[in-house]
1. Relative contact order (percent) for the chain, with alpha-carbon contacts under 8 angstrom and 6 or more residues of separation?
2. Fewest to most neighbouring Cβ within 10 Å: what's the order for 145, 57?
3. Could you work out the helix-only [θ] at 222 nm for the chain, with each DSSP H run of four or more residues adding -39,500 (n - 2.57) and the total divided by the number of residues, to the nearest 500 deg cm²/dmol?
4. Can you give the FRET efficiency to the nearest 0.05 for residue 183 and residue 269, using r as the Cβ-Cβ distance and R₀ = 51 Å?
5. With a Cα-only, solvent-free Debye model of the range 19-136, what are the log10 I(q)/I(0) values at q = 0.14, 0.21 Å⁻¹?
6. Could you work out which residue, out of 288, 256, 317, moves most in a Gaussian network model of the chain, that is, has the largest mean-square fluctuation with Cα springs under 10 Å?
7. Cα gyration tensor of the range 134-182, axes a ≥ b ≥ c as square roots of the eigenvalues: rounded (a/c below 1.5), prolate (a/b > b/c) or oblate?
8. Can you tell me the FRET efficiency between residue 325 and residue 38 if r is taken as the Cβ-Cβ distance and R0 is 45 Å, rounded to the nearest 0.05?
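Since every read-out is calculated from the coordinates, none of them should be taken as a lab result. All figures in this text were calculated on a predicted structure; none of them were measured in a lab. FYI the Cβ positions are ideal-geometry reconstructions off the backbone, even for glycines, and counts take in every protein chain you see.
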Amino acid sequence: MTDTRKSTQNAVGAPGRAADGLAARLVVERGAFRLDVTLTAAPGDVVALLGPNGAGKTTALRALAGLVPLAGGHLRLDGAELDRTPPESRPVGVVFQDYLLFPHLSALDNVAFGPRCHGASRAEARAQAAAWLERMGLAEHAAAKPRRLSGGQAQRVALARALATHPRLLLLDEPLAALDARTRLDVRAQLRRHLADFEAVAVLVTHDPLDAMVLADHLVVIEDGRVVQEGTPADIARHPRTDYIAHLVGLNLYRGQARGHAVQVDGGCVVTTTEDLTGPAFVAFAPGAVTLHRERPAGSSARNLWRCEVAGLQSHGDQIRADLTGELPLAADLTTVAAAELDLRPGATVWATVKAAQTHAYPA
């Protein structure tokens, strides 16, 4: 994605320019909650903010937009201080979760609203809006009011409205959350293409790890108002550092002390790995790496073996996910047929095995 964003002219003729991107430390205090998050991004970068409900993601986005005042820190965009710049004067475009299109205006006039507010004549604004709708594949819907648009079409109109002012910072608050699963798939692909052409900084808030992995170059994970991990999607997925992130990317994660190829997990259990480490470490493995047995296996080549109890069963895609407690609490994925053959049910005793080659250990 990065290479395609380095153009110096966007699709509707706004000239590109050299820029410094985003450099911010956002300190916000709201009652007992304190947000303290540092964000940096170069022009062309897409940054995704991930985190559980109440972590501070939307607060961070609103602080960038100027809708929430900073209690400390700084906010610089392209080298300019924005801390005290009113929201309407910031070179920032926002796509809200519910899009907030003006219901009495056509799609064309919704998009033209921004250029008009920035001093363009009615004819100029409508010409720019028409170009943006053409780019979004919505030219035939220019005269339609929001109530006549599908969810995916409304999302693209909202994106066009945000981009029509040529912002240096684009903020997207759960832009796909209001869409059904099929529409979400299509619109996610379209949004990826539009973000690839955006030559300034984009910051995306989402609860969906797939949205983040597909759309963003860099992930920033926030918990309790602070950054707990950041990096590329691949790095975050391979090296989760909190239970929330591990659950997000679908891994069993443990922290402990490494001694050679063994990690002594907090709580006493040992996980054997192929990595050779010393000191504080994380060890992770996928639920699909777990094999379950009703009797203790005698001839298994797996280096890891734990006695567990089935705490619960739930459908997980086309598989069954077993939540296990016991020597090592973990999640295991297996087919419906395998679950039936094992006669799995809550309270049943099972033996879980994992090959050392299917674990991954890294420094904590």
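1. Details: 762 pairs, mean separation 58.6, N = 364.
This gives 16 percent for the chain.
2. Details: 145 16, 57 27.
Listing 145, 57 from fewest to most nearby Cβ atoms yields 145, 57.
3. Numbers: 9 runs with 90 residues, N = 364.
Value at 222 nm, helices only, nearest 500: -7500 deg cm²/dmol.
4. Working: r = 44 Å, r/R0 = 0.87.
Computed FRET efficiency for residue 183 and residue 269 comes out at 0.70.
5. -0.74, -1.21
6. The residue that fluctuates most here is 317.
7. Details: a/c = 2.18, a/b = 1.13, b/c = 1.94.
Cα axes put the range 134-182 in the oblate bin.
8. Details: r = 38 Å, r/R0 = 0.85.
For residue 325 and residue 38, the calculated efficiency is 0.75.
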